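Here's the structure we're looking at; comments come further down.
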Amino acid sequence: MLSAKTRLLQFIQQQKLLKTNAKVLLAVSGGKDSVLMAQLFADSPYLAGMVHCNFNLRGEESARDEAFVRQLAKTLNMPLFFKSFDTKAYADEQKISIQMAARELRYQLFEDVRATEGFDKIAVAQHQNDAVETVLINLIRGTGVAGLHGIKSDRQHIIRPMLCFKASEIEDLVQQNAIAYVEDSSNASNKYFRNKIRLDIIPEMEKLNASLIHTFQENIRHFAQLEELLQQQTNSLKNTIVHQQDNGIRIKIEDIRSLQPQQLLLFELLKPYGFKGAQVDDLLADLERQSGKLFLSPTHCLSINRGYAEIYPLNTKAPESQEIFGAGSYHFGDATISVSESAERPKNLKDKNVAFVEAERLSFPLKLRAWQKGDAFMPFGMRKLKKLSDFFVAEKIPLNHKKHIPILENGNGDIIWVCPYRTDERYKVGAGNKKIFIFEYRK
């Protein structure tokens, strides 16, 4: 059997985790997994340093772990980078769980040290059993195909060289070599989700399959290849059926109908926008309905609109208002309104991107602004006021797009033009040659 160090070095080479003479930062908690990793790297061709977080969550245990890691760094003659956190205060401030707070603080410290101290990679000591736990957690939570590859050995600046070992192998190596380590007492509690998987579920599964970890490793490799194939197909679809538009994207309903397998591919296309599998099912069931149907994710709005599924980000700020004092170019978000003057009555009044208003009807400064609740105007051709909110519905304008539509307001408060949809009847150009202001909309 290959020695532990040889297995580690071969895995690093096979997975292309580190270049020759690379500088690697080892995340060491003091537990058996990270301590064994530190021992193996101490006897490797790589230049290694250690980083340790004290989250101050376990009282004397946290202080004990810190002292142990400090001594280990001295014994192995490695530089140690350390930080103490008030994790509970951070969790309260960010309104997140203690576990999520610790994770954010941990990886931010790792990256700060890596960048400032010139390390190439950060090594964490997750092993094969951790990968199996991750797959089971993702299956339970429903993350789709992407959650089935488990833990990748290399992701951005994070590497996981200990994925060449099972937990039982690490346990044997630590005992055989009398390697000292410290035990986190919280690892014995099944009140945490991952611990419950580790302590309760996996042992029961191993009763059914004694080679469970090996079987999962084979499956994880297959899942990773399947994910790669699916991602290639999804990227191809993004380039062919997903069309960029103002502040979002849209996909033809007929293109969605032609997807095979439909639910899987549409889920992959919509996943970056926060939509879940159940919403994809609802969307597919509603494809035949009339325009105006809305679906909301935590970050985006999807609307069925005139043969398209249109997706826009939620909670985007409306562009700032602009005052118009005369001829010139004025910007509202990514739209430009050009203002000019003419002494002649225009011949073509049908261009929706251009509005003509008699100068004597204008009260400067005009204002270019976003829609406001209660706005109303008299659409060209009508004889009574209409709320803009009703007008937007009639025009089938998506909910999240309306605050990006420029509204041209007269100095007296009247809405002159909902750019570029409709001008106001009260401001139409009359007969005769009068001084005219020309407003032209461009994107």
What's the angle, to the nearest 10 degrees (0 to 90), between helix 212-240's Cα axis and the longest principal axis of the chain? 20
Extending each Cα 7 Å along its Cβ direction at residue 431 and residue 359, get the distance between those two points in nm, one decimal. 2.3
Percent of Cα-Cα pairs more than 24 Å apart in segment 225-346, please. 42
Cα-derived Rg to Rh of the chain, Kirkwood definition: 1.15
Mind pulling up the Rg/Rh value for segment 1-145? Radius of gyration and Kirkwood radius, both on Cα. 0.99
For the pairs 347/386; 367/443; 293/443, note any where the Cα-Cα span goes beyond 22 Å. 347/386; 293/443
Could you order peptides 118-124, 181-187, 277-283 by the average number of other Cβ atoms within 10 Å of their residues, highest first? 118-124, 277-283, 181-187
Pairing the Cα long axis of helix 60-76 with the longest principal axis of the chain, what angle in degrees results, from 0 to 90 and rounded to the nearest 10? 70
Between the alpha-carbon centers of segment 379-443 and segment 38-67, tell me the distance in whole angstrom. 66
Extent of segment 147-212 along each principal axis, from alpha carbon coordinates, in Å, largest to smallest? 34, 31, 26
Quick one: net charge of residue 86's neighbours, Cβ under 10 Å, K/R +1, D/E -1? -1
Net dipole in debye of segment 247-337 [+1 Lys, Arg Cβ; -1 Asp, Glu Cβ; about Cα centre; nearest 20]: 120
In deg cm²/dmol, rounded to 500, what helix-only [θ] at 222 nm does the chain give when every DSSP H run of at least 4 residues adds -39500 (n - 2.57) and the total is split over its residues? -11000 deg cm²/dmol
Using alpha carbons only, how many angstrom separate the centre of segment 215-241 from the centre of segment 93-162? 20
Cα-based Rg and Dmax for segment 298-412, where Dmax is the largest Cα-Cα distance (Å): 16.0, 52
Work out the charge dipole of the chain with +1 on the Cβ of Lys and Arg and -1 on the Cβ of Asp and Glu about the Cα centre, then indicate which of 8, 229, 415 is farthest towards its positive end. 415
Using the alpha-carbon centroid of each, what span in Å lies between segment 70-92 and segment 260-309? 46
Using only the alpha carbons of segment 112-230, what is the convex hull's orientation-averaged projected area in square nanometres? 9.6
Roughly what % antiparallel, to the nearest 5, for the DSSP beta bridges in the chain? 75
Going from the alpha-carbon gyration tensor of segment 247-317, what semi-axes, largest first and in whole Å, does one get by taking the root of 5 times each eigenvalue? 18, 14, 11
Using packing as a proxy for protection, rank 83-95, 358-370 so that the peptide with the highest average count of other Cβ atoms within 10 Å comes first. 358-370, 83-95
Charges only on Cβ, +1 for Lys and Arg, -1 for Asp and Glu: so what's the dipole of the chain about the Cα centre, in debye to the nearest 20? 1320
Taking 0.36 nm per residue of separation between residue 177 and residue 245 and subtracting their Cα-Cα distance, the length gained on full extension comes to 18.3 nm
Compute the helix-to-body angle for 4-14: its Cα long axis versus the longest principal axis of the chain, expressed 0 to 90° and rounded to tens. 30
Report ³J(HN,Hα) in whole Hz for each residue of segment 166-175, in order, from the Karplus equation J = 6.51 cos²θ - 1.76 cosθ + 1.60 where θ = phi - 60°; Gly and Pro get x. 8, 4, 5, 5, 4, 4, 5, 5, 5, 5
Would you look at the GNM of the chain, springs on alpha carbons closer than 10 Å, and say which of 219, 177, 247 moves the most? 177
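All of the numbers you see were taken from the coordinates with simple rules; none came from a lab. Here the structure is a predicted model, which means the values were calculated and not measured. Cβ coordinates were reconstructed from backbone atoms using ideal geometry, including for glycine residues, and neighbour counts include every protein chain displayed.
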